[in-house]
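Enquirer: Next up is a structure, given as structure tokens.
The values are calculated or read from the model by the stated rules, or taken from the named source; none is laboratory data. Just so it is clear, the structure is predicted and the values come from calculations on it, not from any experiment. Using ideal geometry, Cβ is built from the backbone for each residue, glycine included, and neighbour counts are taken over all protein chains shown. Please note that ligands, DNA and RNA were not included when accessible areas were found on the heavy atoms of the full protein model with its side chains. Shrake-Rupley method; radii C 1.70, N 1.55, O 1.52, S 1.80 Å.
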Amino acid sequence: MSTSLKSHGATAYPKARRMRFRFGAPDPKNRHYVQGDIVMSHLVALLSSAFPPGEESFIRSVRRFSDRITDPVLKKRVAGFIGQEAMHGQQHRELNDQLIRMGYTLVRIPAFGADSRREQAVIRVENLIPARLHLAGTAAAEHYTATLARRLLTSPELQALPGDPEVHNLLNWHALEELEHKAVAFDVYRAVGGTERMRITVMLLPYLGAIPLVSLAVALSIALDPSGWHPIEVARQAVDVLRGPLVKGLTAEVGEYLRPGFHPDDIDTEALVRHWQRELFGADGELLDRVR
Ligand SMILES: [Fe+2]
Ligand SMILES: [Fe+2]
């Protein structure tokens, strides 16, 4: 049996959990909520700001094929994927509102809500792109986020980062669900006849561009934050992030997707998913009281 056809096990039906996190009132004195780490605080803020509009675009890319998805199992997985991504966007928006109040200027840029004129403009651009290309972009982004999620959930160093506990909870929940649905967009792309050539070519953009682009955005975000103007500290923290468990070796890991025939389930995360499902939502799960 080829790996791409094997059972999806723990990731068979991603479950949309309705969450409500309790972010405290913004404290301007505690702007760098990843304790004392200016670079990590800005990096997490920027990633959080990008999630809602990104995830809404991912949902639209899959919906463009909703009438072509006939397999009942895939249909159910798509419903779970959409439910999870919609909830991620909603909860990250709550955090992003707090970040904006704390003075994270760049977080404002992608913070447009549904039905806004900016969103309508994004949708018009998306509709100019062939639907399969849009979906290939989603499949690539999903592999990227699944890779980051795996790193977050397997690294004791990242789990031990001192900082705002509710941000930590939000990221762990989001990371778990990214692993639960990591292959859904990919499988829709295959089911609707997406080619390997397009899939791999589309990944080249985030593969080569994501780290330079995000680094530039973090630098700009810190430049706009006078409380972060400590160049030596920032340079040291930037080196620590680049050499640390989140980023070191990330490009090579993301690059596994460039191999012809690759499937997200080739990277076995089932035991990891089960572990975190128990940890967060098991009988004594840490986040049970955040489920609505
Ligand atoms: Fe997500
Ligand atoms: Fe996702």
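Enquirer: Take the stretch 148-187 and flag every residue that is open to solvent by less than 50 Å² (accessible area, probe 1.4 Å) and of a type in the set (D, E, K, R).
Expert: Within the stretch 148-187, Arg150, Arg151, Glu166, Glu177, Glu178, Glu180, Lys182, Asp187 meet the criteria.
Enquirer: Those residues that are in contact (Cβ under 8 Å) with a residue 24 or more places away in the chain and surrounded by 13 or more Cβ atoms within 10 Å (Cβ to Cβ), I need them from the stretch 257-272; list them, please.
Expert: Once the filter is applied, which keeps residues that are in contact (Cβ under 8 Å) with a residue 24 or more places away in the chain and surrounded by 13 or more Cβ atoms within 10 Å (Cβ to Cβ), the stretch 257-272 yields Tyr257, Leu258, His263, Pro264, Asp265, Asp266, Ile267, Thr269, Glu270, Leu272.
Enquirer: Does the stretch 41-61 contain at least one residue that is over 21 Å from Arg290 (Cβ atoms), more than 19 Å from the chain's Cα centre (by Cα) and either away from ligand 1 (no atom under 16 Å from the Cβ) or part of a helix (DSSP H, G or I) (or both)?
Expert: no
Enquirer: Criterion first (farther than 20 Å from Glu55 by Cβ, in contact with a helix residue (DSSP H, G or I) (Cβ under 9 Å, 6 or more places away or on another chain) and in contact (Cβ under 8 Å) with a residue 24 or more places away in the chain) does Asp164 satisfy it? Don't jump to the end; show me each part of the working.
Expert: On the way: farther than 20 Å from Glu55 by Cβ: yes; in contact with a helix residue (DSSP H, G or I) (Cβ under 9 Å, 6 or more places away or on another chain): yes; in contact (Cβ under 8 Å) with a residue 24 or more places away in the chain: yes.
Here the answer is yes, as Asp164 does meet what is asked.
Enquirer: Please enumerate the residues belonging to the stretch 64-86 that are open to solvent by 30 Å² or more (accessible area, probe 1.4 Å) and over 16 Å from the mean Cα position of the chain (by Cα).
Expert: Once the filter is applied, which keeps residues that are open to solvent by 30 Å² or more (accessible area, probe 1.4 Å) and over 16 Å from the mean Cα position of the chain (by Cα), the stretch 64-86 yields Arg64, Ser66, Asp67, Arg68, Thr70, Asp71, Pro72, Val73, Lys75, Lys76, Ala79.
Enquirer: If a residue has to be at pLDDT below 70 and not in a loop (DSSP other than H, G, I, E, B) to count, how many in the stretch 1-40 make the cut? Even if it seems obvious, please write down each step before you answer.
Expert: Taking the stretch 1-40 first, the residues at pLDDT below 70 are 1-12, 28.
This time we only want the ones that are not in a loop (DSSP other than H, G, I, E, B), so: 3-5, 9-11, 28.
Qualifying residue count for the region: 7.
Enquirer: Taking the conditions exactly as written (surrounded by fewer than 21 Cβ atoms within 10 Å (Cβ to Cβ), out of contact with any Pro (no Cβ under 7 Å at 6 or more places or on another chain) and of a type in the set (Ser, Thr, Tyr)), does Ser61 satisfy them or not? Spell out how you get there, then give the answer.
Expert: Working: surrounded by fewer than 21 Cβ atoms within 10 Å (Cβ to Cβ): no; out of contact with any Pro (no Cβ under 7 Å at 6 or more places or on another chain): yes; of a type in the set (Ser, Thr, Tyr): yes.
Against the criterion (surrounded by fewer than 21 Cβ atoms within 10 Å (Cβ to Cβ), out of contact with any Pro (no Cβ under 7 Å at 6 or more places or on another chain) and of a type in the set (Ser, Thr, Tyr)), Ser61 does not qualify.
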